[in-house]
Amino acid sequence: MEWLLVLALLDQCRCWAGGGLLSPALFAMYMDVLIALLKNSGFGWSLHGFYIGCLCYADDIILISQSIYAMQCMLNICEVFAGMLDVKFNSSKSVAMRVGSRFECKCADLFLCGNAISYVQSMK
């Protein structure tokens with residue numbers, strides 16, 4: 001089974017002030033919107049009826065997909081979301097990783113905010 005993971009990093013944005021008391025709550029509300037957009041798109045991975053195509057922790061987002069096409073569609077949704085809510089994704093720190101028996105095979109480039117995402121063999 002092949003999987004494609006993308007780690008997308010959020011930059012500081014104007015919609016919430018980092019370190020403020022409301023920051024975690026506001027961030028969670030913004031991420032709920034993004035997760036709903038991704039889930040409703042039909043792209044990403046579900047396991048026993050639970051959507052796990054988008055995992056969030058702090059300002060890190062991990063997207064999980066079974067194909068390059070689906071992953072690019074998910075990244076496009078993230079880009080539209082960023083434009084709507086004044087959130088900035090740091091495409092220079094975002095990476096893609098293939099998981100599976102063909103993880104070393106060359107893949108088509110993925111793009112976030114107009115920039116190609118680098119492929120890596122491990123994530124921190």
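Accessible surface for Lys39 stands near 110 Å², nearest 10, in the context of the full protein assembly shown (1.4 Å probe).
Ranked by the mean number of other Cβ atoms within 10 Å of their residues, highest first, the peptides 88-98, 49-59 fall in the order 88-98, 49-59. For the stretch 40-124, the normalised intensity computed at q = 0.14 Å⁻¹ comes to -0.49 (log10 of I(q)/I(0), Debye sum over alpha carbons, equal scatterers, no solvent).
A simple rule links phi to the HN-Hα coupling: the Karplus curve 6.51 cos²θ - 1.76 cosθ + 1.60 with θ = phi - 60°, which for the stretch 73-88 gives 4, 5, 5, 5, 5, 4, 5, 5, 4, 4, x, 5, 10, 6, 9, 10 Hz, with x for Gly and Pro.
Ligands, DNA and RNA aside, Tyr119 has an accessible area near 80 Å² when probed at 1.4 Å. Heavy-atom accessible surface of the stretch 45-124, averaged per residue, reaches 59 Å², computed with a 1.4 Å probe.
Residues whose amide H comes within less than 5 Å of that of Ser94, counting only those at least five positions distant or on another chain, are Leu9 (H built at 1.01 Å from N in the peptide plane).
The charge dipole of the stretch 79-124, taken about the Cα centre with unit charges on the Cβ atoms of Lys, Arg (+1) and Asp, Glu (-1), comes to about 220 debye, rounded to the nearest 20. Expressed as a whole percent, the accessible area of the stretch 25-94 that falls on carbon and sulfur atoms is 64 (1.4 Å probe). For the pair Ala36 and Gln121, the difference between a 0.36 nm per residue extended length and the Cα-Cα distance amounts to 27.7 nm.
The values are calculated or read from the model by the stated rules, or taken from the named source; none is laboratory data. Since we're looking at a predicted model, the values are computed, not measured. Here Cβ is always computed from backbone atoms with ideal geometry, including for glycine, and neighbour counts include all displayed protein chains. These accessible areas exclude ligands, DNA and RNA; they are computed on the full protein's heavy atoms, side chains included. Shrake-Rupley method; radii C 1.70, N 1.55, O 1.52, S 1.80 Å.
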